[in-house]
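Here's the structure, in C-alpha cells; my notes come after.
The values are calculated or read from the model by the stated rules, or taken from the named source; none is laboratory data. Since the structure is predicted, the reported quantities are computational estimates derived from the model, not experimental observations. Ideal geometry is used to build each Cβ from the backbone, glycine not excepted, and the neighbour counts take in all protein chains shown. Keep in mind that these areas ignore ligands, DNA and RNA; they rest on the heavy atoms of the full protein, side chains included. Shrake-Rupley method; radii C 1.70, N 1.55, O 1.52, S 1.80 Å.
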Amino acid sequence: MPIEDIHELVDVLEKAGELKRVSTEVDSNLELAEILRRTMYDNGPALLFENVKGYDMPVLGNAFGSMKRLELSLETSDFTEIGQRIADMTKMEIPKGMLSKIKKLKKKYFPSLEKSGPVTEIIKENPTFDDIPILKSFHKDAGKFITFGLTATKHPETGVRNLGVYRIQIVDSTHALM
C-alpha cells in the first residue's frame, strides 16, 4: 500500500532504522542546513528535527538521501519499473469515436476537482511564510529558500496546468521568487 503522507514516511524510515530524531533546539538560519549537509556527506540517516527555534513545526531532512531510503519511500527496488510506469502514461490508446476519445482524455489526464477532504481544510486563516521553518542554507544566500518546492501553476488564458520543481526564494512574509 502506498505511503499516503509524511507521517507514514517518518514511520517507515524509523522502523527501518533510517531515521534519527533530533530533540535539541536547532536554528533554521544556517545551523539546520549545516547539520543536514554533514549528515549527508557522512551517508547518515534521515533526520527529524523536532525542536526548530521559533516554530511548532518539525523539519524532516535527508529523507531521500540514500538508495535504501528511496526504495523504502517509493516502495520498490526496481527503479526501471517506475520509469516504465511513466513511459506507459505517455502511451495513449486511440479510442474509436469522438465521445470515447473525450471520455478517455478526461478520465486519464485531467485532474479531478474535490469539494471536500484534507485538501480543502483550512488549518490557519491568512498563513504566511513566517509560519514555516524555511531554511537559510549558506552565509551568502540572499535569504531563506525552499530548495525543492513542487509548484503547481495554471496558465491564466489556456488553463493548461504544469508541475515544476524550483528553488523558491522567500522575499517577505507573503512573497516569493522562483
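The table below gives the values:
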| quantity | calculated |
| --- | --- |
| Residue in segment 151-164 that is surrounded by 10 or more Cβ atoms within 10 Å (Cβ to Cβ) and within 28 Å of MET40 (Cα to Cα) present | yes |
| Contacts under 6 angstrom Cβ, first residue in segment 123-149 being among the hydroxyl-bearing types (Ser, Thr, Tyr), partner assigned to a helix (DSSP H, G or I) and surrounded by 14 or more Cβ atoms within 10 Å (Cβ to Cβ), 6 or more apart | SER137/ALA33 |
| Residue, most open to solvent (accessible area, probe 1.4 Å), within segment 11-33, restricted to residues that are charged (D, E, K, R), out of contact with any Leu (no Cβ under 9 Å at 6 or more places or on another chain) and in contact (Cβ under 8 Å) with a residue 12 or more places away in the chain | GLU25 |
| Neighbours by Cβ (under 9 Å, 6+ apart or cross-chain): first from segment 34-48, under 16 Å from GLU14 (Cα atoms); second open to solvent by 50 Å² or more (accessible area, probe 1.4 Å) and of a type in the set (Asp, Glu) | ALA46/GLU14; LEU48/GLU14 |
| Selection count, segment 65-87, where residues are over 20 Å from the mean Cα position of the chain (by Cα) and assigned to a loop (DSSP other than H, G, I, E, B) | 2 |
| Residue count for segment 155-171, restricted to those that are among the basic types (Lys, Arg) and either at pLDDT 85 or above or under 16 Å from the mean Cα position of the chain (by Cα) (or both) | 1 |
| Residues that are without any contact (Cβ under 8 Å) to a residue 40 or more places away in the chain and touching a helix residue (DSSP H, G or I) at 6+ places or on another chain (Cβ under 8 Å), drawn from segment 50-67 | GLY61, ASN62, PHE64, GLY65 |
